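Peer 1: A single structure is presented below for examination.
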Amino acid sequence: MNRFFLVLFLLLVLGVHLFSQTESVPKKPKLIVNVVVEQMRYELLQRYMNKFTEEGFKKLINGGTVCENAMYDYLITESAPGYATIATGTTPSNHGIVSNIWYNRLKERKIYCVEDNSLANSLPRFDNHKYSPHYLFGSTFSDELKIATYKQSKVIGVALKDFAAILPSGSLADAVYWFDDETAYWTSSKFYTDSLKEWVNRFNEKQIIDVYLSREWKTLLPINLYKESLADRNSYEYGFGENKTVFPYDLKELSKEYGRAIIKYTPYGNTYTKDFAIAAIVNEQLGKDDYTDVINIGFSTTAYVNELFGLRSVELEDVYLRLDADLAHLIHFLEDFVGKGDFLIVLTSDRGCADNQNYYKELGMPVGKFNSDRSISVLESYLKAVYGRKNWVKAYYNRQVYLNQLRIDIDKISLAEIQMKTALFLTQFTGVANASTSSVLQSTDFTDGILRKFQNSYHPKRSGDVLINLLPGWIETGNGYEVAYYKQSSPYRYDAHVPLIWYGWDIPAQKIVRQVYMRDVAVSLSRLMDIAYPSGATGVAINELLGK
């Protein structure tokens, strides 16, 4: 009898213990924080690991789920398609953001991915901010969360770049803010609001940016410890101008020369973004009710500094070390304001980045330059020889050839035929790895390989008749100037492999070594939240996050 009561007592104690463990983890996080660090290829996480503190990147890595092989699986790996892919759970072939800028046949001009000329005049004091997500096809995760909670969940977007704040937050966001270069204030557009909220005006009027720009940018650590980078003085950097490529940098003087927007090219651009994101969380009371809220934060300074100094610069390394401190501050704030275990952080990148081509060339790596102007001129001569007349190419942009379809129709030429002749001709140029046509991409379902990446980048409303892919290490030149290496994109690992870290709430500490795709992020978030997937989603849930 005594043994029976002892067993019963132990079972009751065990049940209470298990119940308390279950109750300690909320059913859903109170706040989801989506963090995108621009142009952070996965290798950078490994390169700087020993320099990171225990409270920033390392805390996320050691305490969360790390997808070590997360990839973008399309051809044109630019920034805007990356943000859109993370948010929608699909590739440019569905969400339509095929690049930052694309060519429009009907309007015969280039289109910026978030421009919206149908909007009313911009907000007071801010010019030319007619921006919205209206070019984005389908819903985002944030949109679906708003729908699922009958708009009780709040969604905020914050980034220095307009599209970096707009695309992740979608059409139903409560507020979206980005940095205005002219005023150095945070702003928005009439798509989201008729006027800035009072707390935003107060934040702007505090002139916090001037505090940062009154400083001297010196290395966080003694400069001799930056072993993961090239020497501070090297021949691969553009810098802030002549004789302005080495530490320290007088930000007060630089701001006099370039304006206060220079903050974007310093580590304080990330800090300023973090400060504003925290202000948004506090003033909007995110994570303070029974409905899960979302804030999308884009850290763009890593991309801006890479543009000026390169992937192996002391400056970029210093930016990452200071971003580590910013992340530590953000995490500690979330623990205090929202509560430990009540928030979920998803940290990733919009794309990777290539090394400076001149550096690779000096190392002896196979690199080269594809001159698009010369190639398209030769292509025109070839098509004239085959079909007669001139002007068969309507436009060329971003490794895509837009043929003159009206002339092709008038002359009753097979579109598929002239596309194929164009593709075959272009593949003969040195530096071109392969090419494909819109006819092939629309009529054939590729399940793997490089043509699958072509297909995932192709959208019939916005892509060209012929798409080309350059060899690894090659870059494009044209229009009388060299397209900078950091603005290039490719399907190769240096551009496609990015970090993907899940931390907080009910996320286990584990490493996932199998390949996952960035279109899986929004789908996984939807599964975790038990809501509908974004409408065009083609990704799959990362089952390890679900305990499967």
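Peer 1: Which of the numbered conditions does Val498 fail, given that it passes all the others? Conditions: (1) assigned by TED's automatic domain parsing to the domain that holds Lys59; (2) at pLDDT below 95.
Peer 2: Condition (2) is where Val498 drops out.
Peer 1: Write out, first by first residue and then by second, each pair whose Cβ atoms fall under 7 Å of each other, whose residues are 6+ apart or on separate chains, and whose first residue, in segment 516-529, is among the polar types (S, T, N, Q) while the second is part of a helix (DSSP H, G or I).
Peer 2: Ser524/Leu545; Ser526/Phe141; Ser526/Glu144
Peer 1: Would you call Asp194 surrounded by fewer than 12 Cβ atoms within 10 Å (Cβ to Cβ) and in the same structural domain as Leu119 (by TED's automatic domain parsing)?
Peer 2: Numbers: surrounded by fewer than 12 Cβ atoms within 10 Å (Cβ to Cβ): yes; in the same structural domain as Leu119 (by TED's automatic domain parsing): yes.
So Asp194 fits the description; yes.
Peer 1: Could you pull out every one of the helices (runs of 4 or more DSSP H) wholly within segment 46-131 that has 3 or more residues that are more than 17 Å from the chain's Cα centre (by Cα)?
Peer 2: Values: elements: 57-63, 79-88, 92-95.
The helices (runs of 4 or more DSSP H) meeting that bar are 57-63.
Peer 1: Name the pairs: first residue in segment 446-472 and farther than 10 Å from Pro491 by Cβ, second residue of a type in the set (Lys, Arg) and surrounded by 23 or more Cβ atoms within 10 Å (Cβ to Cβ), Cβ to Cβ under 7 Å, at least 6 apart or on different chains?
Peer 2: Final answer for the pair search is Leu467/Arg399; Ile468/Arg399.
Peer 1: Restricted to segment 181-237, and to residues that are touching a Lys or Arg at 6+ places or on another chain (Cβ under 9 Å) and part of a strand (DSSP E or B), which residue is farthest from Asp326 (Cα to Cα)?
Peer 2: By that ranking, first place goes to Thr187.
Peer 1: Only one residue in Val346, Val367 is among the β-branched types (Val, Ile, Thr) and under 18 Å from the mean Cα position of the chain (by Cα). Which one? Show your work before the answer.
Peer 2: Numbers: Val367 fails: under 18 Å from the mean Cα position of the chain (by Cα).
That would be Val346, the only listed residue that is among the β-branched types (Val, Ile, Thr) and under 18 Å from the mean Cα position of the chain (by Cα).
Peer 1: Restricting to segment 69-115, give me the number of residues that are crowded, with 24+ Cβ neighbours inside 10 Å, hydrophobic (A, V, I, L, M, F, W, C) and either under 17 Å from Arg519 (Cβ atoms) or outside the structural domain of Gln46 (by TED's automatic domain parsing) (or both).
Peer 2: Qualifying residue count for the region: 8.
Peer 1: I need the full set of residues from segment 374-399 which are surrounded by 17 or more Cβ atoms within 10 Å (Cβ to Cβ) and over 16 Å from Gly431 (Cβ atoms), in order please.
Peer 2: Leu383, Trp392, Val393, Lys394, Ala395
Peer 1: Quickly run through segment 509-548 and pick out the residues that are over 12 Å from Glu144 (Cβ atoms), touching an Asp or Glu at 6+ places or on another chain (Cβ under 7 Å) and outside any loop (DSSP other than H, G, I, E, B).
Peer 2: If the condition is that a residue be over 12 Å from Glu144 (Cβ atoms), touching an Asp or Glu at 6+ places or on another chain (Cβ under 7 Å) and outside any loop (DSSP other than H, G, I, E, B), then Gln510, Lys511, Ile512, Tyr517 are the ones that fit.
Peer 1: Same structure again: Here's a check for you: in segment 452-475, which residue that is charged (D, E, K, R) and either more than 23 Å from Asn404 (Cα to Cα) or within 21 Å of the chain's Cα centre (by Cα) (or both) is surrounded by the fewest Cβ atoms within 10 Å (Cβ to Cβ)? Explain how you work it out, then say what you get.
Peer 2: Quick first cut of segment 452-475, residues charged (D, E, K, R) only: 452-453, 461-462, 465.
With the extra rule that they be either more than 23 Å from Asn404 (Cα to Cα) or within 21 Å of the chain's Cα centre (by Cα) (or both), the set shrinks to 452-453, 462.
Values: Arg452: 17, Lys453: 24, Arg462: 19.
The selected residue is Arg452.
Peer 1: What tally of residues in segment 197-216 results from selecting those that are exposed (fewer than 14 other Cβ atoms within 10 Å of the Cβ) and among the basic types (Lys, Arg)?
Peer 2: Residues flagged as exposed (fewer than 14 other Cβ atoms within 10 Å of the Cβ) and among the basic types (Lys, Arg) within segment 197-216 amount to 2.
Peer 1: Looking only at segment 248-284, count every residue that is free of Cβ contacts under 8 Å to residues at least 40 places away in the same chain and in contact with a Ser or Thr (Cβ under 7 Å, 6 or more places away or on another chain) and tell me the total.
Peer 2: Summing the residues that are free of Cβ contacts under 8 Å to residues at least 40 places away in the same chain and in contact with a Ser or Thr (Cβ under 7 Å, 6 or more places away or on another chain) in segment 248-284 gives 2.
Peer 1: If the Cβ limit is 7 Å and pairs must be 6+ apart or interchain, which residue in segment 317-335 that is small (Gly, Ala, Ser) pairs with which residue that is surrounded by 19 or more Cβ atoms within 10 Å (Cβ to Cβ)?
Peer 2: Every condition considered, the pairs that remain are Ala325/Gly56; Ala328/Gly56.
Peer 1: Being part of a helix (DSSP H, G or I) and surrounded by 17 or more Cβ atoms within 10 Å (Cβ to Cβ) is the filter here; which residues of segment 420-451 pass it? Give the steps one after another, and end with the answer.
Peer 2: Residues of segment 420-451 part of a helix (DSSP H, G or I): 420-426, 438-443, 450-451.
Within segment 420-451, Met420, Lys421, Thr422, Ala423, Phe425, Leu426, Ser438, Ser439, Val440, Leu441, Leu451 qualify.
The values are calculated or read from the model by the stated rules, or taken from the named source; none is laboratory data. Computed from a prediction, not measured in an experiment: that's the story for all the values here. Neighbour counts run over all protein chains shown; Cβ positions are idealised from the backbone, glycine included.
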